[in-house]
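Novice: First the structure, which I've put down as structure tokens, then a few questions once you've had a look.
Nothing in this text is a laboratory measurement; each read-out follows from the coordinates by a stated rule. Remember, predicted model here, so these are calculated numbers, not experimental data. FYI the Cβ positions are ideal-geometry reconstructions off the backbone, even for glycines, and counts take in every protein chain you see.
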Amino acid sequence: MSYHFDFLAPFDYPAVLIKGVLVTIELIAIGGVLGVAVGIFGAWARTQGPRWLRPLVSAYVELIRNTPFLIQLFFIFFGLPGIGLQIGEMEAAVLAMVINLGAYSCEIIRAGIAAVARGQVEAGLSLAMTRMQIFRHVILPPALQKIWPALSSQVVIVMLGSAVCSQIAVEELAYAANFIQGRNFRSFESYLLSTAIYLLLAIGLRQLLRLIGDRLFGRPAAKEAT
Amino acid sequence: MISFSVWDIVRNLLLALRWTVLLSLASFALGGLLGLIILFMRTSKQAWLRRLTKMYIELFQGTPLLMQLFLAFFGLALFGLEVPAWLAAALALTCWSSAYLAEIWRGCVDAVPRGQWEASSCLAMSYMQQMRHVILPQALRIAIPPTVGFSVQIVKGTAVTSIIGFVELSKAGTMITNATFQPFTVYALVALMYFALCWPLSKYSQSLERKYNAANRH
């Protein structure tokens, strides 16, 4: 008995596949933007925020960074309804991604903030800027510029991690692959195709983030010259 | 209806925890071994070897671990091999972690000053001798903290193997939830157990980094 590959088989359900790709993009678009926003807030809270907030943020960061994303997702989707908080699968997936990326990016951005020279802050203070203005205009831009590559990799990692959202029936790309192989029993082919699509998405996302980085901060060399 | 005490849940989760630990250890050891081989190829003088391993690393870092697990699980079955879930899980996790470890270690090898390569080649050392006696001992020092840090990723990665049916901590959590109808308690306990495994590793990695970095502090 031998197996004949049919690499066109996964294309039997183009609508499912396209929807899967779109939902994956939607997840990372919302999760990415909100996650980085949470990360910036967390980094602010840990470095400049009120004293009582700092241990809370670091507990959040440690807790999320040391537990698997899958368990965070299950806890939100299956666990929270147990205490009366009912949310849909899409909301649960986005929430889990935001919480997860928020913790990682908080730690990354904090490292960038730590690298901003003290003199910059003092210069800001001598211009009578408020602490908030200093954070917003003096500390944050160079901090983000410095850690942008690390932050980009983390966003890509979270995008790839979103494949497990298929387990709570979010109709993203991994779900589409599951659905298709459930219909035509071409498991290897449909997983291979979806893996290839993930690879393309990862490469595309990395390029996009590099473009955004260039647009936000300019080319590093050009910036130094001015 | 049977009722379950918290102790019943904890006991059964702890029984499953050993499979998470075992799979993590196996993947780390085998992934480290494979990663070392890939590291040698990645830093070799042969351009095609470097390109090949670069592609390998891109491939495993650019695709979800879940998909790699599915491909190992269903792909090997196509060749007529009977693949149990634990084998597919160990195989996929090994390849996945080898790609990450090789890339981490390459960064450490690159961090060794170029003069070290030049000096050792002046002494007519072969590539293997250079690596063995000059480069790796120096790279090792900076490699340890990020390697320990990555072991946390491996432990968390094992959670995904529950999806192809390997019964470790996460899968046990799901099964117990289905029996007890207490998802909040069960998943909180599961998360706590992962935390108990990962947090000491994270802290250890951070303290190692502080220790080895002491020379670079002002």
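Novice: Pairing the Cα long axis of helix A:53-65 with the longest principal axis of chain A, what angle in degrees results, from 0 to 90 and rounded to the nearest 10?
Specialist: Taking Cα atoms only, the helix is inclined about 30 degrees.
Novice: Now for a separate question. How far is the Cα center of region B:15-47 from the Cα center of region B:153-189, in Å?
Specialist: About 24 Å separates the Cα centre of region B:15-47 from the one of region B:153-189.
Novice: Who wins for biggest fluctuation among B:A159, B:A26, B:A119 in a Gaussian network model of chain B, springs between alpha carbons below 10 Å?
Specialist: Looking only at B:A159, B:A26, B:A119, the biggest GNM fluctuation is shown by B:A119.
Novice: Using the beta-carbon distance between B:R132 and B:F4 and R0 = 41 Å, what value does 1/(1 + (r/R0)^6) give for FRET efficiency, to the nearest 0.05?
Specialist: FRET efficiency, B:R132 to B:F4: 0.15.
Novice: Now for a different question. In Å, what Kirkwood hydrodynamic radius results for region A:55-177 from the alpha-carbon pair distances?
Specialist: For region A:55-177, the Kirkwood estimate is 16.5 Å.
Novice: In chain A, how does Rg compare with the Kirkwood Rh, expressed as the Rg/Rh ratio over alpha carbon atoms?
Specialist: Ratio value, two decimals: 1.07.
Novice: Evaluate peptide B:170-180: per residue, the Cβ atoms of other protein chains within 10 Å of its Cβ; return the mean as an integer.
Specialist: 2
Novice: Evaluate the Debye formula for region B:16-132 with equal point scatterers sitting on the alpha carbons, no solvent, and hand back log10 of I(q)/I(0) at q = 0.15, 0.19 Å⁻¹, in q order, two decimals.
Specialist: For region B:16-132, the Cα-only Debye profile gives -0.75, -1.02.
Novice: Right, something else. Within 10 Å of each candidate Cβ there may be at most 11 other Cβ atoms; applying that plus a DSSP loop requirement, which chymotrypsin sites (Phe, Trp or Tyr not before Pro) in region A:15-84 survive?
Specialist: Listed in order of number, the matching sites are A:W52.
Novice: Hey, another quick one. What is the angle, in °, between the Cα long axis of helix B:136-157 and the longest principal axis of the Cα atoms in chain B? Nearest 10 is fine, range 0 to 90.
Specialist: With both axes taken from Cα atoms, the answer is about 20 degrees.
Novice: Explain nothing, just the number: relative contact order of chain A, from Cα pairs under 8 Å at least 6 residues apart, as a whole percent.
Specialist: 29
Novice: Still on this model: Translational D (Stokes-Einstein, µm²/s) of the protein assembly as shown at 10 °C and 1.306 mPa s when Rh comes from the Kirkwood sum over C-alpha pairs?
Specialist: Translational D for this selection: 67 µm²/s.
Novice: Related question: From the square roots a ≥ b ≥ c of the eigenvalues of the alpha-carbon gyration tensor of region B:69-173, which class results: rounded (a/c under 1.5), prolate (a/b over b/c), or oblate?
Specialist: Note, shape of region B:69-173 comes out prolate.
Novice: Now, a different point. Rg and Dmax in Å for region B:6-209, alpha carbons only: what are they?
Specialist: Rg then Dmax for region B:6-209, in Å: 20.0, 69.
Novice: Still on this structure, I have one more. How big, on average over all directions, is the shadow cast by the Cα convex hull of region A:144-214, in nm²?
Specialist: Mean projected area for region A:144-214: 5.1 nm², to one decimal.
Novice: How about B:K45: which lysines have a C-alpha closer than 16 Å to its C-alpha, ignoring those fewer than 8 places off in the same chain?
Specialist: Partners within reach: B:K54.
Novice: Just counting partner chain Cβ atoms within 10 Å, what average do the residues of peptide A:165-173 show around their Cβ?
Specialist: Across A:165-173, the average partner-chain Cβ count within 10 Å equals 1.
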